[in-house]
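Taking it in order: structure first as structure tokens, then the write-up.
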Amino acid sequence: MRVPRIRFVGVFVVLSAACGTESDSGPVLRSEVRDSAGVTIVENASPSPGSLLGWRVGEAPSVSIGTQEGEEAEMLYLVDDATRLADGRIVIANAGTSELRVFSAGGQHLATWGGQGEGPGEFYAYTPEAVSRWPGDSVAGANSWGRRIEVFDSRGDHGRSVTMPDPYHSFLGVMPDGTFLVKPSTVLSGGIFGAGDPLVRRPDNFGLLGPGGELRVSLGDLPGEEWFSSPAGPMARPHPFGRATTATIWGDLAVVSPTDRYELRAYASDGTLVKIIRRDHDLRSPTQAELDAWLTERYADLPEERRTQVLSENEGMPLVEFFPAFEALHADPLGNLWVREYELPGEDHNRWTVFDAEGRAQGFVEMPLDLEVFEIGDDYVLGRVMDEINVERVQLWPLARSPG
């Protein structure tokens with residue numbers, strides 16, 4: 001394997017290994033680690049396409065929850081998130097019914113928490129949009145329309161509601177010390193309507209809140225999601241190639257990073273920037289032919305009259321400057337940071353780059369193609385799939401971290 005050329009500027013060069021070549025240790029990936037005014041900066045070369053880490057997701061899910069016909073609790077609708085508890089139970093945020101649905105480790109329905117309403121422990125319509133383990137073996141469900149987080153104990157008893165201060169709506173995760181990460185909702189804030197510009201990118205102000213909901217620190221305005229506002233249509237919609245700012249909790253750090261370039265910024269719970277991770281990446285601009293092909297394929301199954309209407313509403317959609325550098329972030333309990341690679345037009349993959357606890361690139365892991373990942377555990381991946389008739393299923397896939 002050809003080792004990419006790295007510029008050396010008086011830094012410590014770290015070698016990390018990943019499986020994928022004929023050598024026992026796999027290809028050597030190069031990282032540069034340096035300190036800049038107290039901020040650790042990690043520069044990574046881009047792994048070659050063959051730099052597969054020796055970790056494997058199973059050939060089939062070990063648990064699959066969801067059905068087209070059967071018990072009502074097993075018929076899922078608008079699943080936005082799911083988490084696996086320490087005892088193996090799986091909690092699903094079923095936003096279509098405003099509930100948290102709890103299943104056994106084997107996938108049997110055990111209980112339903114919440115329900116639609118405005119009272120304590122209840123969720124507004126089309127929430128919860130997120131569910132997360134909360135300190136003390138509790139479970140938190142995000143009630144964005146009510147600007148609240150509903151906290152339940154491990155038995156499902158509602159413990160308390162945490163109100164987020166203005167302008168925050170969206171709950172993104174909780175840190176070990178109880179600090180949690182939030183941001184405004186573009187839709188709820190009304191920032192995408194009536195702007196006059198067909199391509200709208202409203203800034204997002206991410207914040208770190210204390211356990212009681214008090215604002216500890218704002219991380220400042222970051223570029224939000226790119227939306228297309230059509231003069232011919234009644235609503236704006238996310239641009240199919242739009243960039244955004246994405247975030248996750250990585251151990252005791254909050255990673256908040258625009259997808260404009262391959263740079264991951266990690267903050268302590270007091271808002272201090274402590275680490276920047278970069279990976280070589282060539283930005284590419286989309287073409288009009290690629291946008292036209294995406295729109296044609298996206299609406300191909302609509303009835304002709306409706307398809308004609310929707311395509312007319314998308315006429316004049318401008319091109320974004322560049323495709324996103326990456327798509328999503330997750331962290332696992334072993335300290336690794338996972339970054340989903342952006343799937344360019346014509347590509348067909350669900351590929352993730354794994355960075356170790358120091359921020360050094362280890363290689364790629366391929367996920368099941370249609371799996372939307374919600375959570376990565378020490379030996380599993382939890383996510384959602386949808387079949388050809390849009391039946392939703394939450395699945396637990398085994399993850400083997402040993403090489404081979």
What number of residues within segment 48-101 satisfy the criterion of being charged (D, E, K, R) and either over 17 Å from Ile376 (Cα atoms) or crowded, with 22+ Cβ neighbours inside 10 Å (or both)? 7
Among the residues of segment 283-302, write down those that are modelled with pLDDT under 95 and either in a loop (DSSP other than H, G, I, E, B) or in contact with a strand residue (DSSP E or B) (Cβ under 6 Å, 6 or more places away or on another chain) (or both). Tyr299, Ala300, Asp301, Leu302
Considering only residues that are open to solvent by less than 50 Å² (accessible area, probe 1.4 Å) and touching a helix residue (DSSP H, G or I) at 6+ places or on another chain (Cβ under 9 Å), which ones fall in segment 289-307? Leu295, Tyr299
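Can we say Glu358 is among the acidic types (Asp, Glu), without any contact (Cβ under 8 Å) to a residue 40 or more places away in the chain and either open to solvent by 10 Å² or more (accessible area, probe 1.4 Å) or not in a strand (DSSP E or B) (or both)?
Taking the combined requirement at face value, the residue does not satisfy it.
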Of Arg155, Arg56, the only residue that is among the basic types (Lys, Arg) and more than 29 Å from Arg265 (Cα to Cα) is Arg155
Please enumerate the residues belonging to segment 344-355 that are loosely packed, with under 15 Cβ neighbours inside 10 Å, closer than 19 Å to Arg243 by Cβ and free of Cβ contacts under 8 Å to residues at least 24 places away in the same chain. Glu347
Taking Arg261 as meeting all but one of (1) among the charged types (D, E, K, R); (2) at pLDDT below 95; (3) over 24 Å from Glu375 (Cβ atoms), write down the number of the exception. (2)
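Across segment 121-155, which residue is farthest from Phe103 (Cα to Cα) among those that are open to solvent by 50 Å² or more (accessible area, probe 1.4 Å) and aromatic (Phe, Trp, Tyr)? Give the derivation first.
The first filter runs over segment 121-155 and keeps only residues open to solvent by 50 Å² or more (accessible area, probe 1.4 Å), leaving 122, 124, 126, 133, 135-137, 145, 147, 155.
Next cut, aromatic (Phe, Trp, Tyr) only: 124, 126, 145.
On the way: Tyr124: 22, Tyr126: 20, Trp145: 26 Å.
Among them, the one singled out is Trp145.
Quick check on this structure: which one of Asp177, Asp221 is touching a strand residue (DSSP E or B) at 6+ places or on another chain (Cβ under 9 Å) and either at pLDDT below 95 or open to solvent by 60 Å² or more (accessible area, probe 1.4 Å) (or both)?
Working: Asp177 fails: touching a strand residue (DSSP E or B) at 6+ places or on another chain (Cβ under 9 Å).
Criteria check complete, one pass: Asp221.
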Qualifying positions in segment 232-264 - assigned to a strand (DSSP E or B) and farther than 12 Å from Leu337 by Cα: Ala236, Arg237, Pro238, Thr245, Thr246, Val256, Ser257, Pro258, Glu263
So which of Leu334, Leu396, Leu382, Leu371 ends up being open to solvent by 60 Å² or more (accessible area, probe 1.4 Å), modelled with pLDDT of 95 or more and more than 23 Å from Asp292 (Cα to Cα)? Leu334
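This table checks each residue for (1) of a type in the set (Ser, Thr, Tyr); (2) part of a strand (DSSP E or B).
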{"position": "Leu319", "(1), (2)": "no, no"}
{"position": "Arg340", "(1), (2)": "no, yes"}
{"position": "Trp352", "(1), (2)": "no, yes"}
{"position": "Arg393", "(1), (2)": "no, yes"}
{"position": "Ser402", "(1), (2)": "yes, no"}
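The values are calculated or read from the model by the stated rules, or taken from the named source; none is laboratory data. Since we're looking at a predicted model, the values are computed, not measured. All Cβ positions, even for glycine, are placed from backbone atoms using ideal geometry, and neighbour counts span all protein chains on display. Areas reflect the complete protein model, heavy atoms only, side chains present, ligands, DNA and RNA absent. Shrake-Rupley method; radii C 1.70, N 1.55, O 1.52, S 1.80 Å.
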